[in-house]
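Structure first, then comments.
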Amino acid sequence: MDPILLGAIVAMATILVLFSGVSVALGLLIVSTGFLLIFDGLRSLELIPEILFGKLDNFALLSIPMFIIMGSSIASTRAGADLYEALERWLTRVPGGLVISNLGACALFAAMSGSSPATCAAIGKMGIPEMRKRGYPDGVAAGSIAAGGTLGILIPPSVTMIVYGIATETSIGRLFLAGVIPGLLLVLLFMIWSLYSTWQSGDKQLLTAGNYSWKEKFEILPRVLPFLAIIIGVLYAMYGGIATPSETAAVGALLCLLIAMLIYKLWNPKDLWVVLRDSTKESVMIMFIIAAAGVFSYMLSSLFITQAIAEWIGTLDVNRWVLMAFVMLFLLVAGFFLPPVAVILMAAPILLPIITTAGFDPIWFAVVLTINMEIGLISPPVGLNLYVINGIAPDISLKTILKGSLPFVACMVIAIILLCFFPGLATWLPDAIMGEAV
Amino acid sequence: MAGQSSAVASRTGNNPFLRAVAALSTLAGWCSAAMIVAAVAITCQMIFVRFVMNESTVWQTEAVIYLAIGATLIGLPYVQRLRGHVNVDLIPLSLSKTARYYMYLLTMGLSIVIVAIVLFYGYEHWHLAYERNWKSDTVWGVRLWIPYLSIPIGFGLFLLQLIADLIAVLLKIDAPFGLEDV
Amino acid sequence: TELRLSHQWSNKDIRHQVAQIVADEVAAADVDLEIKIFGSKSLFKPREQYRPLSRGQLDMTVLPLSYAGGQQPAFNLTLMPGLVKNHDHAARLSNSPYMDALEEKMADDDVMVLVHGYLAGGFVGKDGCITKPEDVDGLQTRAAGKAFEQMLAGANASITSMASSEIYNAMQTGILNAANTSSSSFVSYRIYEQAACYTPATEDVALWFMYQPLLMNKTTFEGLTEDQQAALRAAAEKAEAFYLEEAKKQDAASVEVFEKAGVEIAEMTPEDFEAWRALAQETSYKLFVEEVPDGQDLLDKALAVE
Ligand code: NA
Ligand code: NA
């Protein structure tokens, strides 16, 4: 059979199976096994356990559970609330200050957590009730946290960057650095929008709410120190010659656990277990998808589909930006339905050769891809951050959350367009710190 | 809404089999979490030995990798019990209650078959490594049957938890896809 | 008939070219035989190729044989410090009783060699040159291969293991002071940007040689028609000649790249080489003989090749 046609059949079957309610990882295994059985025969099934094991046989993957532990240990203390409160006391005079504090807190928290749902949960637990109490519309409160939480995978450390780095053999340290400026850019865009929308609403109360003395402002500063200690500690370990980026995750996890236990008195074994349980749950879920996606890409490669599609797109005579637009659209649609890790693992082997042949920088592409995936996190039907918000504030309807986060999606699209015009936004920092790309 | 059907664990009712499987899965979850913690500790130890003492770190990287793999595979049943494996239930949501029930039987049946296949070949793979005494090609030279053991154990317990979940729905203790009545 | 060949290299790599020659020659022979190449790890991860090959799930591969050292400890001899002196010596080793003994072991796994070939490599130092054992004392070193790790540990180096793709960053941030791998890997990972000194393989002495043959599943080969087998053999012969010539050029090419990047080029003298070899005899050779039941016999056979 023609590999392209076969590829189309595989795509249809995959969509059908994945929408059937079976878990993403098992769905990928079911589709792969089915096609391998039909086209390669029984002998290829013997390989499945080896491939599953082999995909996980990678030191860099270990940083995934660790960066998740960092986030969830801090998230189960009042550290998130402290951070958020400190920002609020200082930004109280700014119109829409509360939304801006929340976004700032999300950005800072993202610098400690590799995962978006964790970032969303840590800041949202305090931020959403507080914003609603102060009279911000439900949509703005929920939308800003949902969107701010997505920064977790753009601002380093980032689980998706690790997965991308492994799938494409790109330096993870470089990828992390590439996310910094676009992450700040996105925060800036989010803040501009918040300012504008608050100003436009004309609600005086939102402008003046909360008035803090200088004493109160300085009083809270020491409570932000643990955050700074963690962030600086991790950065120093990573870029100061102590550990490789994957090893640094362990330092971060240990620092966060220690700070959670010593400073925030997270002694109780029961509370500690909650941290470990949540981290285990999220990492096992992600790692199983990684392993299953490995079998899926083995199937695609074994049936020559990957190679045929790459060749076929190579023969298309289109402008490279048209090509990029199609790639972005494809990723966007995939992101609506699938978690970022699954999209990256399934798409990277096919897309990367196309992207590099068309002259795009793989580091730049990682950043654009990540922002694209962030949109998927706050879009139905599968938006991990939406579930988190739903868990924190069950009385806000999905429709309201979506409406509130839509303007932030627009900000992400603007960020992608800006990155297309100014690729240096992504590539300048890694080049400046680590030298020209390898 | 589709997806991670909240943080609720699968229900067991008073069924002794379901409770026993749930207990096994929870035990597996503890092991998995312990392995992740051990991996964190060993990685920190490795950085210390290399950076502070400037000595060789021969076994740590490998140990940490195998712990992470073990944590993932052995954690599978526990995450299944917590309904932590992300899914997209667009089709079940659009179905009537009866059709959804049969859809669940179909997808669960397929899941059980696939996990059984991995378990079968995973056991064979482990057995081969044990019989032929395969080792990793490093100075440490780990006997590979030890890390490979996580495949049959993890998928074996995973299979049990999936069967338990199916039985819970058949006995009407739990709802298909955890969807009550949307 | 369609055969599947898997390897880990890019399509510019010499090892891909070897596979491509065999595929092209066989296609040109018009014996109803097609070789489909899955390069750049697109099918299997590098270290996961030998097992499928031995079970017939994969037909052919090009890989460092020492990757399978965990299953056949005897294969560790194919990455032993100082066992191979230069490329011509390597070619003589490939046609010796030593190689026959190794091929017997491969036959036990239902694997056979189509194309023999060795590639050489050297050392890089972040701050200074590494030519003799004393030079690695106290350095954090990343070595390619178990036997080299044992030897370097014997020279009091601190061994750290990491993927070859991490060498660049690790040297840059100072985690790593020295590394040892193949000439082509040094170039493809652009290690010359981070090294102060490079000790390449030369025509006279090189410490680091790795046997990287093109292998095939034996049963699959025997299942082919006589014409097909003959075509494969003829293609393999042509590829082997190419492999040897190109392997020699790789070392010189790597020196050129490092020189151009302003890296100091150091030379290992015959005395240095002997010092390394004496050290290896005490460490990696000794451990090899202890681990492998017929290890001494194999080692003697290898050392007997002039
Ligand atoms: Na982050
Ligand atoms: Na989505």
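For this structure, a couple of remarks:
- For segment B:1-91, trypsin sites (Lys or Arg not before Pro) are listed when DSSP marks them as loop and at most 14 other Cβ atoms sit within 10 Å of their Cβ; the list is empty.
- Placing dummy labels 7 Å off each Cα toward the beta-carbon, the span from B:Ala41 to A:Val322 is 6.0 nm.
- Dipole magnitude of the protein assembly as shown about its Cα centre (Cβ charges: Lys, Arg +1; Asp, Glu -1), debye to nearest 20: 4640 debye
- Across the alpha-carbon set of segment A:363-438, the Rg to Rh ratio works out to 1.14, Rh being the Kirkwood radius.
- 25 Å Cα-Cα reach of C:Lys85 towards lysines, excluding residues that sit fewer than 8 places from it in its own chain: C:Lys105, C:Lys132, C:Lys146, C:Lys238, C:Lys248, C:Lys249, C:Lys286, C:Lys301
- Per-residue HN-Hα couplings for segment B:25-39 [Karplus 6.51, -1.76, 1.60; θ = phi - 60°; Hz; x = Gly/Pro]: 5, 5, 4, 4, x, 4, 4, 4, 4, 4, 5, 5, 4, 4, 5
- Neighbour net charge for B:Gly29 - beta-carbon separation under 11 angstrom, K R +1, D E -1: +3
- Each of B:Arg100, C:Arg190 was scored by other Cβ atoms within 10 Å of its Cβ. Arranged with the fewest first, they read C:Arg190, B:Arg100.
- Residues A:Lys215 and B:Glu131, FRET efficiency given R0 of 45 Å [Cβ-Cβ distance, rounded to 0.05]: 0.05
- Positive-end extreme of charge dipole, segment C:237-306 - chosen from C:Gln281, C:Pro270, C:Val255 (charges on Cβ): C:Val255
- For segment B:16-178, a simple Cβ point-charge model (Lys and Arg +1, Asp and Glu -1, everything else neutral) yields a dipole of about 380 debye relative to the Cα centre.
- For segment B:113-182, trypsin sites (Lys or Arg not before Pro) are listed when DSSP marks them as loop and at most 15 other Cβ atoms sit within 10 Å of their Cβ; the list is B:Arg132, B:Lys172.
- Diffusion constant of segment C:1-108 at 25 °C, which comes from Stokes-Einstein with the Kirkwood Cα-pair radius and 0.890 mPa s, µm²/s: 161 µm²/s
- Using alpha carbons only, the radius of gyration of segment A:202-344 set against its Kirkwood radius gives Rg/Rh = 1.15.
- Segment C:39-84 has equivalent-ellipsoid semi-axes of 22, 12, 8 Å, by the square roots of 5 times the alpha carbon gyration tensor eigenvalues, sorted largest first.
- Whole-number Å³ per residue for the convex hull built on Cα positions in segment B:49-120: 124 Å³
- The Rg/Rh ratio of chain C, with Rg taken over Cα atoms and Rh as the Kirkwood radius over Cα pairs, comes to 0.97.
- Its convex hull of Cα atoms gives segment A:3-434 a direction-averaged projected area, equal to a quarter of the hull surface, of 21.2 nm².
- Using only side-chain charges placed at the Cβ, +1 for Lys and Arg and -1 for Asp and Glu, the dipole size of chain A relative to its Cα centre rounds to 1360 debye.
- With R₀ set to 45 Å, the beta-carbon distance separating B:Val142 from A:Met1 gives a calculated FRET efficiency near 0.60.
- Measuring spread by the Cα atoms of segment B:16-178 yields a radius of gyration and Dmax of 19.7, 66 Å.
- Proximal aspartates and glutamates relative to A:Lys55, as straight alpha-carbon distance under 17 Å, when same-chain residues fewer than 8 apart are discounted: A:Glu46, A:Glu169, B:Glu62, C:Glu48
- Pairwise Cα inverse-distance average, inverted: Kirkwood Rh of segment A:239-298 (Å): 13.8 Å
- Top of A:Thr77, A:Thr119, A:Thr160 by mean-square fluctuation, Gaussian network on chain A, Cα under 10 Å: A:Thr77
- In Hz, Karplus ³J(HN,Hα) per residue of segment A:288-293 (6.51, -1.76, 1.60; θ = phi - 60°; x = Gly, Pro): 5, 4, 4, 5, 5, 5
- Segment A:135-261: C-alpha gyration tensor shape, a/c 1.5 cut-off, then a/b vs b/c: oblate
- Relative to the current alpha-carbon distance between C:Ala253 and C:Glu291, full extension at 0.36 nm per residue lengthens the span by 10.0 nm.
- The H on the amide N of A:Ile155, modeled in the peptide plane, is under 5 Å from the matching H of no residue at least 5 residues off or on a different chain.
- For segment A:2-8, putting each phi into the Karplus relation 6.51 cos²θ - 1.76 cosθ + 1.60 with θ = phi - 60° gives couplings of 5, x, 5, 4, 4, x, 5 Hz, in residue order, rounded to whole numbers and with x for Gly and Pro.
- Near the amide H of A:Ser23, within less than 5 Å, lie no amide hydrogens of residues on another chain or at least 5 residues away, with H placed in the peptide plane.
- Candidates per chymotrypsin sites (Phe, Trp or Tyr not before Pro) in segment C:80-169, loop by DSSP, up to 15 other Cβ within 10 Å: none
- The protein assembly as shown, Cα convex hull volume normalised per residue, Å³: 164 Å³
- Of B:Ile151, B:Val169, B:Gln45, farthest towards positive along the dipole that unit charges on Lys, Arg, Asp, Glu beta carbons give segment B:16-178: B:Val169
- Between B:Glu124 and B:Lys97, full extension at 0.36 nm per residue minus the direct alpha carbon distance yields a gain of 5.7 nm.
- Loop sites here are trypsin sites (Lys or Arg not before Pro) outside DSSP states H, G, I, E and B with no more than 11 other Cβ atoms within 10 Å. The longest part of chain A free of them is A:266-438.
Read-outs throughout are calculated quantities, based only on the coordinates presented, and are distinct from any laboratory measurement. On a predicted model such as this, the values are computed, not experimentally measured, just so you know. Reconstructed Cβ throughout: ideal geometry from the backbone, glycine too, with neighbour counts over all protein chains shown.
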